[in-house]
Amino acid sequence: MEIPNYGNVEFQAVIFDFNGTLGKEGRIDEEVKHLLERLAYKYTVVVLSADTFGTLEEELSGLPVRVERVSSGAEKRRIAEGYAPYVAIGNGNNDVEMLEGAELAFCVIGPEGAAIDTLLASDVVVRDVKDAIAMLLDEKKLVATLRR
């Protein structure tokens with residue numbers, strides 16, 4: 001997609017962090033699950049997580065997403081690069097490297113907050129993962145935010 005005075009942004013995959021980004025305390029809202037299904041019609045959707053709460057597979061069961069367990073930020077970036085070009089969406093320190101390698105990076109400042117380095121590594125900051133997904137589903141919203 002061409003964003004006026006910003007540049008061309010092309011991607012094939014959307015990579016999510018799980019805890020603090022997609023879910024709160026290891027649980028995903030039903031509306032977010034529905035949005036992930038819609039997003040998966042357009043892009044490859046991948047969730048990378050250390051699974052702090054032990055709910056990763058249960059929460060994503062039946063959804064058209066790829067799930068991979070990781071143990072570090074470096075591992076997140078390495079796996080994400082296998083899906084390049086990609087959009088990254090995260091909130092924590094272990095998301096920074098993944099965000100830095102992305103064509104477009106979102107920081108979610110949700111109920112669990114966000115690390116300052118994650119904020120600084122992002123192109124767009126949103127208050128809820130639903131907002132990030134909505135921007136990817138309706139590119140005009142993304143253009144409106146990023147155009148210069």
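The values are calculated or read from the model by the stated rules, or taken from the named source; none is laboratory data. Owing to the predicted nature of the structure, the values given are computational and were not obtained by experimental measurement. So basically every Cβ, Gly included, is an ideal-geometry build from the backbone, and we count neighbours across all protein chains shown. For accessibility, only protein heavy atoms count, side chains too; no ligands or nucleic acids. Shrake-Rupley method; radii C 1.70, N 1.55, O 1.52, S 1.80 Å.
Some values worked out for this structure:
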| quantity | calculated |
| --- | --- |
| Unmet requirement for Glu31, which otherwise passes all of (1) under 19 Å from Leu137 (Cβ atoms); (2) modelled with pLDDT under 95 | (2) |
| Selection count, segment 97-108, where residues are open to solvent by 40 Å² or more (accessible area, probe 1.4 Å) and in contact with a helix residue (DSSP H, G or I) (Cβ under 6 Å, 6 or more places away or on another chain) | 1 |
| Whichever residue in segment 51-69 is of a type in the set (Val, Ile, Thr) and more than 15 Å from the chain's Cα centre (by Cα) and, among such residues, is nearest to Glu37 (Cα to Cα) | Thr55 |
| Failed item, numbered, when Glu97 is tested on (1) more than 12 Å from the chain's Cα centre (by Cα); (2) in contact (Cβ under 8 Å) with a residue 60 or more places away in the chain | (2) |
| Hits in segment 124-143 (condition: open to solvent by 70 Å² or more (accessible area, probe 1.4 Å), out of contact with any Gly (no Cβ under 8 Å at 6 or more places or on another chain) and not β-branched (Val, Ile, Thr)) | Lys140, Lys141 |
| The lone exception for Pro111 - which of (1) modelled with pLDDT of 95 or more; (2) open to solvent by 60 Å² or more (accessible area, probe 1.4 Å) it fails | (1) |
